[in-house]
Amino acid sequence: MTAELPAGGPFFVERTAFHRLRAGGVTNVAGSQQQEEMSLVEHLTELRRRLIGVLAVLFIGLIGGLYCAQPVYRYLIRAESAQGYQLHAFASWDGIGIYMKIAMAVALAVGLPFIVYQIWAFVRPALHPEERSAALRYVPYVFLLFVAGLAFGYYIVFPMALAFTASVNRNLGLAETYGITQYFDFMFNLVLPLALLFELPLAVLFLTRIRLLNPMRLRKLRRYAYFALVFIAVVITPPDFISDILVTIPLLALYEFSVLLSALVYRKQLAADAAREARYIREA
């Protein structure tokens, strides 16, 4: 008993099977593309969610900074570097502007650890378990390094810059009449960049942990990094050789310390990779 073939004969069967296979292949390709698109959408959704969280924390920190603005302002005004200066308001919004700048500085200091944590959480799926825990340990030190940078900028660099500009004005016979906005702008433009630069060792450690940096690359980029750091030091300090040296040396030391930390982490990564490969070979 023979099976009946559909109209069109064997050629029709083969052609039908070919079309079904082709349709299935197209469907599989479309499904794969859809999965990739969904994965990309999920990543963008997660990034948006973390950005919203960062903005919310900065907003909360800004509100808290407004409550802290008055005692911080009184401390800055009563400091030794501010003595002898009578500050004036040249616009009706000057006082509010100073309060907002102090509040934003407080919000940045408080929010930096949370920002770094969100960055770590976003790249966490690409890290090994030991790299996740090691990178997470750096987060608390973000605030400490930022405060150390603020202290260095405010207690060392800012008084030098203020004394230098005051001496130049006196030599020119100028009467020093400062607006409160100009005084605090001068302070923030010096102190905040230095506070952020003090995060350099931590940033290098984090990027080494996630394998975007290594000590060889840092050594290769040393001349360019030195040039950038010296340029920053010259820009934010008074135009005298002593001030430039006093700021440049700590910045270069921070970079070399960062290279040293990166080398230590990189050696541990190589040892862990070798142990993982040896274990895989034994299991195979």
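Residues in the stretch 170-189: is at least one acidic (Asp, Glu), surrounded by 15 or more Cβ atoms within 10 Å (Cβ to Cβ) and not in a helix (DSSP H, G or I)? Talk me through it step by step, then tell me what you get.
Kept after step one, since they are acidic (Asp, Glu), are these residues of the stretch 170-189: 176, 185.
Checking which are surrounded by 15 or more Cβ atoms within 10 Å (Cβ to Cβ) leaves us with none.
No, that holds for no residue.
Table: residues versus (1) closer than 17 Å to GLU80 by Cα; (2) out of contact with any helix residue (DSSP H, G or I) (no Cβ under 9 Å at 6 or more places or on another chain); (3) free of Cβ contacts under 8 Å to residues at least 60 places away in the same chain.
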{"residue": "ARG124", "(1), (2), (3)": "no, no, yes"}
{"residue": "VAL142", "(1), (2), (3)": "no, no, no"}
{"residue": "ALA161", "(1), (2), (3)": "yes, no, no"}
{"residue": "GLY179", "(1), (2), (3)": "no, no, no"}
{"residue": "TYR183", "(1), (2), (3)": "yes, no, no"}
{"residue": "ASN189", "(1), (2), (3)": "no, no, yes"}
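Please determine, by comparing only the residues of the stretch 38-58 that are of a type in the set (A, V, I, L, M, F, W, C) and surrounded by 12 or more Cβ atoms within 10 Å (Cβ to Cβ), which one is nearest to ILE115 (Cα to Cα).
Step one: filter the stretch 38-58 for residues of a type in the set (A, V, I, L, M, F, W, C), giving 38, 40-41, 44, 47, 51-52, 54-58.
With the extra rule that they be surrounded by 12 or more Cβ atoms within 10 Å (Cβ to Cβ), the set shrinks to 47, 51, 54, 56-58.
Working: LEU47: 12, LEU51: 9, VAL54: 6, ALA56: 11, VAL57: 9, LEU58: 9 Å.
Ranking the candidates gives VAL54 first.
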- Query: Restricting the search to the stretch 93-133, which residues are modelled with pLDDT under 80 and among the small types (Gly, Ala, Ser)?
  - Reply: ALA126, SER133
- Task: Enumerate the pairs (first residue in the stretch 208-234 and in contact (Cβ under 8 Å) with a residue 24 or more places away in the chain; second residue anywhere and not in a helix (DSSP H, G or I)) with beta-carbon separation below 9 Å, excluding pairs fewer than 6 apart on the same chain, so at least 6 apart or on different chains.
- Result: THR208/ASN214; ARG209/LEU127; ARG209/TYR138; ILE210/LEU127; ARG211/LEU127
- Query: Which of the residues spanning the stretch 83-131 are exposed (fewer than 14 other Cβ atoms within 10 Å of the Cβ) and of a type in the set (Val, Ile, Thr)?
  - Reply: ILE96
- Task: Name the residue, out of PHE158, PHE164, PHE146, that is within 21 Å of ARG50 (Cβ to Cβ) and assigned to a helix (DSSP H, G or I).
- Result: PHE146
- Query: From the list ALA253, ALA225, ALA195, ALA272, which residue is in a helix (DSSP H, G or I) and modelled with pLDDT under 85?
  - Reply: ALA272
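Do we have TYR73 as touching a residue at least 24 places away in the same chain (Cβ under 8 Å), surrounded by 14 or more Cβ atoms within 10 Å (Cβ to Cβ) and in a loop (DSSP other than H, G, I, E, B) here? Quick ask: steps written out before the conclusion?
On the way: touching a residue at least 24 places away in the same chain (Cβ under 8 Å): yes; surrounded by 14 or more Cβ atoms within 10 Å (Cβ to Cβ): yes; in a loop (DSSP other than H, G, I, E, B): no.
Spelling it out, it is not the case that TYR73 is touching a residue at least 24 places away in the same chain (Cβ under 8 Å), surrounded by 14 or more Cβ atoms within 10 Å (Cβ to Cβ) and in a loop (DSSP other than H, G, I, E, B).
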- Query: Would the stretch 23-32 turn up any residue that is at pLDDT 85 or above and either more than 31 Å from the chain's Cα centre (by Cα) or part of a helix (DSSP H, G or I) (or both)?
  - Reply: no
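The values are calculated or read from the model by the stated rules, or taken from the named source; none is laboratory data. Just so you know, these numbers come straight off a predicted model, no measurement behind them. Virtual Cβ from ideal backbone geometry, glycine too; neighbours counted across all protein chains shown.
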